[in-house]
Structures are given as C-alpha cells and as structure tokens.
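Remarks on the structure that follows.
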Amino acid sequence: MTTILLIDDEQRMLNLLSLYIEPYGYTCFKKNSGPEGIELLRQQKVDIVILDIMMPEMDGWTTCEKIREISDVPIIMLTARSEKEDIVKGLKKGADDYLVKPFNEEELLARIEAIMRRTSRTTKSEDIIKFEGLLINQSTYQVTFQEKEIVLTPKEYALLGLFLKNQNKVFSREHLLSTIWGLKAETEDRTIDSHIRNMREKLRQANFPVEHYLKTVWGVGYKWASSN
C-alpha cells in the first residue's frame, strides 16, 4: 500500500489532507513539524512526502533540505504563496512538485498519481540504461557506477536519464524546465544549473568521469556527449 507522510503545523490541514487522500487507498502518517517528520523518515519507509512551507519551528524549505540529506523520497510542497521565487526556492531545495493553497481534491490526487506512475513501474530489460559502467535501473530508480550506489534526488535522476537517452543532443535550460519540472520558460535558469551542479558532484564523488560526458553548451544549455 502506498504511504504518504503529511507534515503541517496545522492539525486542521493534516486532517483535511488525509480526508482527501485515504479513501483512494493511501495510508497517511501525520506529523506537526519538520523534526517530527524527519524522525519518522529515519524509522519508516514512505512513498511520498507532502510538506507545508510556512511552519514555525522549522520551515518547509529547511525541512526539505534535511530530508534530502537522508532520503530521495518524492516531495510535494504546499504553499499559500504563488510567487515564482518561492516556487523556485522549493525546487532548488529538492522538492519535486508544489501545490498552491487553496487547492482542490482532484489536483492533489492528480499530482500524487503522477509521482506514483513514475516510481511504481515493474522491472523490464528496457528499464536498464548502461553507459561506461554507469547503470540506471528505471524500475527501482537506482543509479550505480561500478556497483557503487549513487543517491540522486528525483529531479537529478530524471535529468540523468534524459541525457543518457538523448546522447549528443543539446538541451536548452528552457526545455529542461518544461520537460522535467513542467514549468514555463520564464522561471529562473539557476534552478537547472543548481541541479546539474549537484548531480555532477555526486557522480564525481562516485569516481565517474562526468566531465568527459556532461558538457555545458555556453549560452544554450547542456548535452551528454557519447563515448564514441
């Protein structure tokens, strides 16, 4: 059964979220603060985190950062503010999606279902991508290099998969934002640059020679050069 961790300092919102979600077969864990949610994640595997931003003890951005230190679980952030800067900030901290309050039940469920479709496919031979010792298992969302696991966030994973499936193709930042984030081109390019930088560092730490393949195309975007 799919499990969802709800983190919000307002008990009314926790109850409302679980009221929306649980009739569709999901199990909800409800926590009133970031530290409580993080502690549960250390003890319990969950499939999705729905995280409020405006919390007094530890805000959602900080909580998101802390979660990313221990888990790559998909995170949907809730915000009462629709400013572009807030949305971009959440994505940079490692969130996978966001919802602006007030939202309706259908929108919330659609976003949960979209995440579950990406994370619950059965393993098939075509789900394995191999490149110079780098292996991506698209059914388990695991990345390894020479059998050493590389823990990527869902967005970093999606970027790496897109590059490896489209070697030598140049992707503009606008195209990456639209494809991976579903955001419009006017969103700040630094969102992409930040995730690319983090992904490069993780591959580098695993001794994968990422500089030979992931290239910056100045003034345009990025490409993954083939090994040929």
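The values are calculated or read from the model by the stated rules, or taken from the named source; none is laboratory data. Only a predicted model underlies this, so the values are computations on that prediction, with no experimental measurement involved. Every residue, glycine as well, gets a Cβ built from its backbone with ideal geometry; the counts of neighbours run over all protein chains shown. To get the accessible areas, we keep the full protein, side chains included, count just its heavy atoms, and leave off ligands, DNA and RNA. Shrake-Rupley method; radii C 1.70, N 1.55, O 1.52, S 1.80 Å.
Values computed for the structure shown
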| item | result |
| --- | --- |
| Residues (open to solvent by less than 20 Å² (accessible area, probe 1.4 Å) and of a type in the set (D, E)) located in the range 1-51 | D8 |
| Hits in the range 115-133 - residues which are modelled with pLDDT under 85, more than 19 Å from S71 (Cβ to Cβ) and open to solvent by less than 40 Å² (accessible area, probe 1.4 Å) | D127 |
| Close pairs from the range 6-34: first outside any loop (DSSP other than H, G, I, E, B), partner among the aromatic types (F, W, Y) and surrounded by 14 or more Cβ atoms within 10 Å (Cβ to Cβ), Cβ under 7 Å, at least 6 apart | L6/F29 |
| Which numbered condition E57 fails, given (1) over 23 Å from the mean Cα position of the chain (by Cα); (2) outside any loop (DSSP other than H, G, I, E, B) | (2) |
| Residue check, D72 out of contact with any strand residue (DSSP E or B) (no Cβ under 8 Å at 6 or more places or on another chain) and closer than 28 Å to L176 by Cβ | yes |
| Residues that are open to solvent by 10 Å² or more (accessible area, probe 1.4 Å), at pLDDT 85 or above and assigned to a helix (DSSP H, G or I), drawn from the range 73-108 | E105, E106, E107 |
| The lone exception for T179 - which of (1) open to solvent by 50 Å² or more (accessible area, probe 1.4 Å); (2) modelled with pLDDT of 90 or more; (3) hydroxyl-bearing (S, T, Y) it fails | (2) |
| Among the candidates D96, D59, D86, D72, residue that is of a type in the set (D, E, K, R) and in contact with a Leu (Cβ under 7 Å, 6 or more places away or on another chain) | D72 |
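Here's the yes/no breakdown for (1) farther than 28 Å from M116 by Cα; (2) touching an Asp or Glu at 6+ places or on another chain (Cβ under 6 Å); (3) open to solvent by less than 20 Å² (accessible area, probe 1.4 Å); (4) at pLDDT 85 or above:
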{"position": "L135", "(1), (2), (3), (4)": "no, no, no, yes"}
{"position": "Q138", "(1), (2), (3), (4)": "no, yes, yes, no"}
{"position": "V143", "(1), (2), (3), (4)": "no, no, yes, yes"}
{"position": "E149", "(1), (2), (3), (4)": "no, no, no, yes"}
{"position": "A158", "(1), (2), (3), (4)": "no, no, no, yes"}
{"position": "N168", "(1), (2), (3), (4)": "yes, no, no, yes"}
{"position": "M199", "(1), (2), (3), (4)": "no, yes, yes, yes"}
{"position": "P209", "(1), (2), (3), (4)": "yes, no, no, yes"}
{"position": "K215", "(1), (2), (3), (4)": "yes, no, no, yes"}
